[in-house]
Amino acid sequence: MNDLIFLIPAFPLTGFLVMALAGRYMSRSLVSWIAVGSVTLSAVITIMAGIPFLRGPNSTAITSLIYTWIDTGGFKADIALHMDALSFVFCFVITFVGALIHLYSVEFMKDDEGFARFFTYMNLFVASMLILVLADNLLLLYLGWEGVGLCSYLLIGFWYRDPGNGYAARKAFIVTRIGDTFMIIGLFLLYISFNTLHIDQILRMAPADWEPGSVKAVAAAILLLGGALGKSAQLPMQTWLPDAMAGPSPVSALIHAATMVTAGVYLIARMHTIFTLAPVVQTAVAMIGAATLLIAGFSAFAQHDLKRVLAYSTISQIGYMFLALGVGAWSAAIFHFMTHAFFKALLFLAAGSVILLLHEEHDMHKMGGLKNRLPVIFITFLVGGASLSALPLVTAGFYSKDQILWLTWASDTGSKWLWIAGIIGAFVTSLYTFRMIFLTFFGKVKTEPSHRPGLLMTVPLITLAVLSVVGGFVEFPGNMMPVQIFSGIITTVLPAIQIHSHDIPEWVFQVISGLMTIMGILLAWRLFYKPSPFETVFHKSRLNNFFYSGWGFDGIYDALFVNPFVWLSEINKNDFIDRFYNLLAGITRLFNSLLSYTQNGRLRWYAMGLTAGMVIILVLMMTL
Amino acid sequence: MVTVSMEIQLALAGLLFLTGLVGLLVRRNIIFMLMSIEIMLNSAGLAFVIAGSHWMQADGQVMFIFILTVSAAEVSVGLALILQMFHHYRTLDADALNRLLDKKKMEN
């Protein structure tokens, strides 16, 4: 199997190359076959390669050296792939969910003039993301990291004729670039400290070289965290993700929900030793996660645009993952990543279908009554929504989110404040999720859908809906059933969590979080099932505007960074360095015009010049 | 034979040269300008002859012969050009003949 894992990124990369070079000459069906086929083949190889991991905890990582990339002056970076249980889970989600989303896109994009271009970018994205999670050194990881950023930019601005989309794409690129800069500085620091960028070696050397809480460990952890925050749209760099919804819906599903935005989670989990050595930063991760999940949750509650609700919801759910990482619940974070990928991709795809079938209508208040018009989409969306709001026992979201909440309380590094934030977040999650469902699918029909979705759309939806339910059954809470397959395989890579002794039994927390979800659903039903006075009153309130604007972060950043920068560039429109050189050129040109004035074609003037010159020379000769 | 001091001889040559120069500068008629140049050439030749007689050397006279030759050639070419000029432009005014000037440069 060692020799085959290079095929996992190689298939989509080949697909990208073929389509980039010849996509415009190929028929749409050929493009679809290449795009979907390459990702599907990757998924098959991933599952084949992953069978040993599923067998048990004794599996070892697969490493495969493809090519020595750089080997100079003691610095060595290979293009080498490393697959362990953590990479496997990510690869599985990327290729499997990616293949489903590609399949869905074939129908979603069928009337788009940029059909081949879309799949070219999508395949490049899948290849970059796979390189990111399979890289065995940080430089290769960074290559994938920048590759997915590029694809994200290209796909947000996919419909480039609308300047707003270009603006959203630039915003996403620039904001994540701030994080990337943190990260590359972090890589430099790690290289200076350990003289290598090989991940395994760094993780082995770090505990020996660095004291827990030492300055270098804290600095490295902060810098890596900066990269993770930008990519994963966490506080304070979350502002780009809601605008990133300008891209086509499959892009939102694949890049801005299921995979790319969780790269930060992957990075922190992969470099967990560094974070364990910097307890301050790890606590900060948990607090940032808790703050983000609340802020984004409340923002989601006030949105009108179906996709923006889901975008804020994504930020909020990644906040849960950061919370789990911060309290040391590594496995729970990865588990939530997996279930979240299933149900959030499902929700985005279903929302994309709704928007497509309602003629690009994004506003939920103009939808309604779709449950009888689009039953398949309704049922799958309901399943996804239930999973997102963690409906107890029957959904995958419950198992992963409940594990995070429980471990937030029970972990050595957890605290009850973080738990309270999480539980409020759970309530808000179910509130905004079912607000979205009631507004979109219940009530009166306001816009008629144009047609029913075809098989290529419904098959991925149904598959993901099934996964959103059964995906949670690989890991049960300890007090329910002794099935912990997921944490079993993850703990081969990541340390198990330390749980302190406690008086309150686990089931109490499960009951509380279950009740929170159900209360949220009931409140949403009370407020939004039928048009209620609350909706109209709240709609006009300042609080709603505050939440709607995402807690005013965009305004603050505009005032703090964007406007001063624009102002500076306005006053320096004629660059002052250019001005200096233009001045030199101007002086030269002045002399030129003065001298060329003497060349007036008058013979006597020239004779006068000759005479004057002669007189001057004579005078000089006589006086000197 | 009356001998004149060399200063006076050279002053005469200088006066001749200045006459030619002033004529060149103030005249607009190109024939007069050509004639002024001839005067200047002759003043130079005179200076050579003066110097030759002063040092009892033949070089001065030799140089004067050369200058005569050059000025003869110059006058023949110059007159031919003046004829052509008059033919083309119907004027002998040198100031009216600045057409070789690059007009674009003037605009700058």
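Would you be able to tell me the number of residues in the stretch A:156-209 that are of a type in the set (D, E, K, R), assigned to a helix (DSSP H, G or I) and free of Cβ contacts under 8 Å to residues at least 60 places away in the same chain? Quick ask: steps written out before the conclusion?
The initial filter retains those residues of the stretch A:156-209 that are of a type in the set (D, E, K, R), namely A:161-162, A:170-171, A:177, A:180, A:200, A:204, A:209.
In the following step, the residues that additionally are assigned to a helix (DSSP H, G or I) were identified as A:170-171, A:177, A:180, A:200, A:204, A:209.
Then drop every residue that is not free of Cβ contacts under 8 Å to residues at least 60 places away in the same chain, which leaves A:170, A:177, A:180, A:204, A:209.
Final tally of qualifying residues: 5.
Among the residues of the stretch A:226-261, those identified as open to solvent by 10 Å² or more (accessible area, probe 1.4 Å) and in a helix (DSSP H, G or I) are A:LEU229, A:ASP243, A:MET245, A:ALA246. When A:GLY555 is tested against (1) under 31 Å from the mean Cα position of the chain (by Cα); (2) within 30 Å of A:LYS446 (Cβ to Cβ); (3) at pLDDT 80 or above, just one condition goes unmet, and that condition is (2). Can you find even one residue in the stretch A:560-571 that is under 30 Å from A:PHE298 (Cα atoms), small (Gly, Ala, Ser) and without any contact (Cβ under 8 Å) to a residue 12 or more places away in the chain? No, every residue in the stretch A:560-571 fails to be under 30 Å from A:PHE298 (Cα atoms), small (Gly, Ala, Ser) and without any contact (Cβ under 8 Å) to a residue 12 or more places away in the chain. Take B:MET40 and decide whether it is under 24 Å from A:TYR606 (Cβ atoms) and of a type in the set (A, V, I, L, M). Criteria met by B:MET40. Checking each residue of the stretch A:326-337 against the condition of being assigned to a helix (DSSP H, G or I), at pLDDT 90 or above, in contact with a strand residue (DSSP E or B) (Cβ under 8 Å, 6 or more places away or on another chain) and of a type outside the set (Gly, Ala, Ser) gives at least one match. Taken over the stretch A:577-591, the criterion of being within 14 Å of chain B (Cβ to nearest Cβ) and either open to solvent by 80 Å² or more (accessible area, probe 1.4 Å) or over 30 Å from A:GLY609 (Cα atoms) (or both) is satisfied by A:THR588, A:ARG589, A:LEU590, A:PHE591. Here A:PHE528 meets each of (1) surrounded by 10 or more Cβ atoms within 10 Å (Cβ to Cβ); (2) more than 60 Å from the chain's Cα centre (by Cα); (3) at pLDDT below 90 with one exception, condition (2). Please go through the stretch A:399-417 and give me each residue that is β-branched (Val, Ile, Thr) and over 23 Å from the mean Cα position of the chain (by Cα), ordered by number. Passing the criteria: A:THR408, A:THR413. Contact map, the stretch A:599-624: first residue under 18 Å from B:ILE30 (Cα atoms), second residue loosely packed, with under 12 Cβ neighbours inside 10 Å, Cβ cut-off under 6 Å, separation 6 or more or different chains; pairs are A:GLY601/B:LEU100.
Name the residue, out of A:GLY213, A:GLY264, that is outside the structural domain of A:GLY352 (by TED's automatic domain parsing), modelled with pLDDT of 90 or more and out of contact with any Asp or Glu (no Cβ under 6 Å at 6 or more places or on another chain). Quick ask: steps written out before the conclusion?
On the way: A:GLY213 fails: modelled with pLDDT of 90 or more.
Every option except A:GLY264 fails the conditions.
Put simply, of A:ILE66, A:ILE70, A:ILE34 the only residue that is in contact (Cβ under 8 Å) with a residue 24 or more places away in the chain and within 26 Å of the chain's Cα centre (by Cα) is A:ILE34. Note on the stretch A:327-378: residues that are more than 15 Å from A:LEU461 (Cβ to Cβ) and among the hydroxyl-bearing types (Ser, Thr, Tyr) total 2. For the residues B:LEU25, B:LEU18, the requirement of being farther than 19 Å from B:GLY78 by Cβ and under 13 Å from the mean Cα position of the chain (by Cα) singles out B:LEU18.
Of the numbered criteria (1) part of a helix (DSSP H, G or I); (2) crowded, with 24+ Cβ neighbours inside 10 Å; (3) touching a residue at least 60 places away in the same chain (Cβ under 8 Å), the one A:GLY385 fails is (3). From A:SER596, A:SER569, which residue is under 30 Å from B:GLY23 (Cβ atoms) and either surrounded by 10 or more Cβ atoms within 10 Å (Cβ to Cβ) or within 11 Å of another protein chain (Cβ to nearest Cβ) (or both)? The match here is A:SER596. Answer yes or no as to whether A:VAL474 is β-branched (Val, Ile, Thr) and open to solvent by 60 Å² or more (accessible area, probe 1.4 Å). No; evaluated as a whole, the condition is false for this residue.
Exactly one residue among A:LEU294, A:LEU310, A:LEU325, A:LEU346 is in the same structural domain as A:ILE420 (by TED's automatic domain parsing), open to solvent by 10 Å² or more (accessible area, probe 1.4 Å) and not small (Gly, Ala, Ser), and that residue is A:LEU294.
Quick one: which of A:ILE420, A:ILE424 is without any contact (Cβ under 8 Å) to a residue 24 or more places away in the chain and under 28 Å from the mean Cα position of the chain (by Cα)?
Working: A:ILE424 fails: without any contact (Cβ under 8 Å) to a residue 24 or more places away in the chain.
Of the residues listed, the single one that is without any contact (Cβ under 8 Å) to a residue 24 or more places away in the chain and under 28 Å from the mean Cα position of the chain (by Cα) is A:ILE420.
The values are calculated or read from the model by the stated rules, or taken from the named source; none is laboratory data. All of these numbers come straight from a predicted model, not from anything done at the bench. Using ideal geometry, Cβ is built from the backbone for each residue, glycine included, and neighbour counts are taken over all protein chains shown. Calculation scope for accessible area: heavy atoms of the full protein, side chains included, ligands and nucleic acids excluded. Shrake-Rupley method; radii C 1.70, N 1.55, O 1.52, S 1.80 Å.
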